[in-house]
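Here is the structure we will look at.
The values are calculated or read from the model by the stated rules, or taken from the named source; none is laboratory data. Note that this is a predicted model, so its numbers are computed, not measured. Neighbour counts run over all protein chains shown; Cβ positions are idealised from the backbone, glycine included.
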Amino acid sequence: MDIEQLKQVIIDQRAQLEEKFKKEKIINREDIKIEKYLSHPNAIIILGIRRCGKSTLSEELFRGKKSGYINFDDDRLIKLETSDLNKVLQAFYELYGDDIENIVLDEIQEVYGWEKFVSRLRDTKKVIVTGSNSALLSGELATSLTGRHLDFILFPFSFREYLGYMGTKYLGALTTAERARVGVALHTYLNEGGFPEVLKFGKDFLKSIYNDIITKDVIKRHKVKNEEDLKAVAAFLMANISKEFSYSSLIKLTGVKHKITISKWVGYLEEAYLFLKLTRFSFKLKEAVFAPKKIYSIDTGLSVYMSPTLSERKGILMENAVAVELSRRTSKIGINAYGIFYWKDHQQREVDFALKNGSKITELIQVTYASDRRYINDREINNLIGASKELRCDNLLVITWDYEAEEKVKGKKIRFVPLWKWLLDV
């Protein structure tokens with residue numbers, strides 16, 4: 001590719017970012033403390049679903065410093081090859097000077113063989129790489145960077161970030177009026193989700209996000225030929241969040257005859273950060289492997305848009321929001337030992353979430369759409385107590401809509417915490 005064409009792309013993209021920082025409200029992404037890791041020979045890898053704010057975060061980290069930025073998800077760069085990557089560096093030098101130290105390579109998975117280029121850059125530059133596919137962390141990247149990189153997963157806005165974008169901050173005890181406003185905001189958040197561009201342009205923008213992910217990050221990337229069946233599987237999973245599924249059940253939706261194909265497709269959807277999949281917890285590995293999985297959407301707004309009737313099923317949306325928040329909290333830098341599971345025994349007693357640290361279950365969580373103790377099903381409490389005894393875990397939590405208390409049931413202490421309070425961690 002011609003160096004002057006590259007420079008024009010870089011200039012245009014920089015102008016777009018500058019316009020964004022001037023006109024739009026930029027929210028500080030909570031608990032993201034990665035500045036101290038920005039030093040060579042390390043590279044920072046920021047991964048996450050498309051449109052969740054990776055580009056903005058990357059630019060913000062180098063704000064006020066001399067830096068080079070390029071987004072490879074640009075139609076003008078479609079034919080860019082591995083051999084052109086050094087021209088990108090040359091273009092940065094010509095535009096900003098050869099003493100430039102900070103480099104952002106956005107959506108670099110679009111260029112084959114990028115890993116060795118990053119490996120070379122990081123020896124003398126502070127490098128941020130972003131991507132919309134978790135597969136970036138495997139294969140050639142692992143070989144080329146030999147552990148000298150730090151990865152971070154960025155999600156759509158958390159509820160706290162959502163409130164910040166809407167101009168509201170809560171830091172502690174709330175008045176009755178404030179609690180009412182938070183409750184209304186939470187309803188909206190569950191129905192519309194936390195994609196920054198959706199908050200700006202409206203929930204119809206969810207269609208564009210969803211289609212881009214399915215087309216670019218799944219079908220195109222993995223060269224899926226049976227597009228309609230894959231789309232049917234994705235739509236089914238979107239409509240059945242917070243539920244168990246099996247690959248056999250998905251085969252019935254399609255003309256696909258082999259479980260391995262369906263399994264790959266679900267894996268592709270996970271790699272694109274469209275879904276979170278939970279395994280049933282069991283001390284017996286074989287039982288865990290062959291048991292049905294539970295599926296969650298990375299953003300409840302996407303599920304409601306694809307299946308509007310979900311807006312009336314608050315308990316399902318609440319459980320999904322908890323799954324995403326748990327994933328967000330356990331994916332933070334330095335927290336790698338935690339695992340998230342669900343629990344179900346042969347009596348069909350079920351607990352929504354079992355958190356595992358090392359070899360121990362450290363917390364059991366049920367989620368219920370209840371604003372009063374009278375409306376919390378005894379079965380859910382009994383299931384929690386049953387799991388507590390079997391898994392030897394006494395840290396028991398029930399996340400409710402707006403009921404808060406602490407009580408002893410059958411000798412077990414159980415905390416009841418409203419979802420808004422748990423999400424805000426106040």
Checking HIS258 against (1) surrounded by fewer than 20 Cβ atoms within 10 Å (Cβ to Cβ); (2) at pLDDT 95 or above, the condition it does not meet: (2)
Hits in segment 72-117 - residues which are at pLDDT 90 or above, of a type in the set (Gly, Ala, Ser) and in a loop (DSSP other than H, G, I, E, B): GLY97
Those helices (runs of 4 or more DSSP H) lying entirely in segment 151-204 with at least 3 residues among the β-branched types (Val, Ile, Thr): 176-192
Sole exception among (1) over 21 Å from TYR369 (Cα atoms); (2) surrounded by fewer than 17 Cβ atoms within 10 Å (Cβ to Cβ) for THR176, by number: (1)
Residues within segment 39-98 that are under 21 Å from SER208 (Cα atoms) and of a type in the set (D, E, K, R), tallied: 7
Tally of residues being at pLDDT 85 or above, of a type in the set (Lys, Arg) and within 30 Å of ASP425 (Cα to Cα) across segment 21-44: 1
Residue within segment 347-356 that is among the polar types (S, T, N, Q) and surrounded by fewer than 13 Cβ atoms within 10 Å (Cβ to Cβ) present: yes
Residue within segment 20-39 that is crowded, with 18+ Cβ neighbours inside 10 Å and hydroxyl-bearing (Ser, Thr, Tyr) present: no
Residue check for HIS149: crowded, with 16+ Cβ neighbours inside 10 Å, in contact with a helix residue (DSSP H, G or I) (Cβ under 9 Å, 6 or more places away or on another chain) and in contact (Cβ under 8 Å) with a residue 60 or more places away in the chain: yes
Filter result (part of a helix (DSSP H, G or I) and either surrounded by 21 or more Cβ atoms within 10 Å (Cβ to Cβ) or at pLDDT below 70 (or both)) within segment 127-136: LEU136
Complete set of residues in segment 324-333 that are part of a helix (DSSP H, G or I) and over 23 Å from LYS231 (Cβ atoms): GLU325, LEU326, SER327, ARG328, ARG329, THR330
Test: residue in segment 83-98 that is farther than 20 Å from GLN5 by Cβ, assigned by TED's automatic domain parsing to the domain that holds LYS36 and over 23 Å from the mean Cα position of the chain (by Cα): yes
Candidates VAL367, VAL324, filtered to the one that is assigned by TED's automatic domain parsing to the domain that holds LEU285 and touching a Gly at 6+ places or on another chain (Cβ under 8 Å): VAL367
Subset of segment 278-315 that is in contact (Cβ under 8 Å) with a residue 40 or more places away in the chain and in a loop (DSSP other than H, G, I, E, B) - its residue that is farthest from the chain's Cα centre (by Cα): ALA291
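With the structure loaded, tell me whether LEU237 is of a type outside the set (Val, Ile, Thr), within 26 Å of LYS314 (Cβ to Cβ) and part of a helix (DSSP H, G or I) or whether it fails that test.
When the stated conditions are applied, LEU237 passes them.
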Residue under evaluation ALA354, criteria (1) without any contact (Cβ under 8 Å) to a residue 40 or more places away in the chain; (2) not in a helix (DSSP H, G or I), criterion not met: (1)
